[in-house]
Amino acid sequence: MNNYPFNPNETIVVSGIQSSGALHIGNYFGALRQHILLHQQHPSYYFIVNYHAMTSVRDPEALKAHTIEAAITYLALGFDPSKGNLFVQSDVPQLNELTWIFFCLTPVSQLEKATSYKDKVAHGLSANCGLFNYPVLQASDILIYGGTIVPVGADQKQHIEIARDTAQRFNHTWSPDPPLFPLPEAHIINDVAIVPGTDGRKMSKSYNNTIGIFDEGKQLSRRIKRIVTDSTPLESPKDPDKDYVFALIRLFASKDMQSEIREAYQRGGYGYGHAKAELIKLMTEYFADAREKRRRLLKDPDYVLDVLREGGKNAQKRAQACMSKVRELTGLITTYSP
């Protein structure tokens, strides 16, 4: 028991964000906001998942740029590297070794039922093995650090269940008493299930329906004006609960302001153009401080890389401790040290 790498009574927060493009407000409300909050409360490991991004990104320069941009976004939104670890997924090569071991435990039928995979393929993404096996690598991302809390969007809940199943299979097969891996729990904000995109579907880079966290000025205005609405005349009452613009306003507005806008919808004379103008104002104000901090970080790339290096060093140390025990338990021998 003494050489087990994880303390069963310790809370460890683990999660990541994909580096496949500019991050949007769906990423923020579905994940990043929780990440920033939780890293102030518990030991945490947050990473930019550039391995996962390779399921769709083929441009090496774009992958590098998106990776750094994701790190800057974390820092601009308030991530404090003195309180948690921020790093790049590919700085922890032990992940791939653990993923192979998990492949050998995972039924193909379980991955065939993954709704996220089926949804992405249905919307045009290539049905490659990386996309199909995405949940297994995600399980490694979580379990290799002994993750117990995983802040994710609601659409990722099934993947956390797969990670729990994977931990249980490993523990049952090789480490029943005491179990090596704790069972992670999804941490989801109940009042933000799915953030709608400009076309009403879930906001996603894959659907080209996003509004960027740091969009401003004409770019922000253009994106918000693209939000689909019905043809109810300006003077007529409208149902705010059926409107995508109001769904986004609810994310940024105070309770009092939500009530005022709701009443305006219901009494008529308040058009979707009015609502979109209000959303532009709310978003501009909400991210003003983060936008300014991002501008400063863009001028100091060495600081951003230093944060990632330090986080990666800490993550790899913990991952190596895990893999040493995994090799011992599974019988994978190591006959030399590089």
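The values are calculated or read from the model by the stated rules, or taken from the named source; none is laboratory data. The structure presented is a predicted model; accordingly, all values stated were derived computationally and were not measured. We place every Cβ from the backbone using ideal geometry, glycine too, and count neighbours over all the protein chains shown. The area values use the complete protein model at the heavy-atom level, side chains included, leaving out ligands, DNA and RNA. Shrake-Rupley method; radii C 1.70, N 1.55, O 1.52, S 1.80 Å.
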Original post:
Assuming Phe79 fulfils every condition listed in (1) surrounded by 18 or more Cβ atoms within 10 Å (Cβ to Cβ); (2) part of a helix (DSSP H, G or I) apart from one, which condition is it?
Top reply: (2)
Subject >> Positions within region 238-286 being surrounded by fewer than 16 Cβ atoms within 10 Å (Cβ to Cβ) and outside any helix (DSSP H, G or I), in sequence order >> reply: Asp239, Ser254, Gly268, Gly269
Original post:
Within the set of pairs 6+ apart or on separate chains, which have a first residue in region 153-175 that is assigned to a loop (DSSP other than H, G, I, E, B), a second that is modelled with pLDDT under 95 and not aliphatic (A, V, I, L, M), and C-beta atoms under 6 Å apart?
Top reply: Gly153/Gly30
Original post:
Quick one: how many residues across region 304-336 are touching a helix residue (DSSP H, G or I) at 6+ places or on another chain (Cβ under 7 Å), open to solvent by 60 Å² or more (accessible area, probe 1.4 Å) and not β-branched (Val, Ile, Thr)?
Top reply: 2
Original post:
Among Tyr46, Tyr28, which is under 24 Å from Arg295 (Cβ atoms), part of a helix (DSSP H, G or I) and touching a Phe, Trp or Tyr at 6+ places or on another chain (Cβ under 9 Å)?
Top reply: Tyr28
Original post:
Looking at Asp191, is it open to solvent by 50 Å² or more (accessible area, probe 1.4 Å), modelled with pLDDT under 95 and either part of a loop (DSSP other than H, G, I, E, B) or not hydroxyl-bearing (Ser, Thr, Tyr) (or both)?
Top reply: yes
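For (1) farther than 25 Å from Ile72 by Cβ; (2) in contact with a Ser or Thr (Cβ under 9 Å, 6 or more places away or on another chain), each residue gets a yes or a no:
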site	(1), (2)
His172	yes, no
Phe181	yes, yes
Lys205	no, yes
Lys218	no, no
Original post:
Among (1) modelled with pLDDT of 90 or more; (2) hydroxyl-bearing (Ser, Thr, Tyr); (3) open to solvent by 50 Å² or more (accessible area, probe 1.4 Å), where does Thr148 come up short?
Top reply: (3)
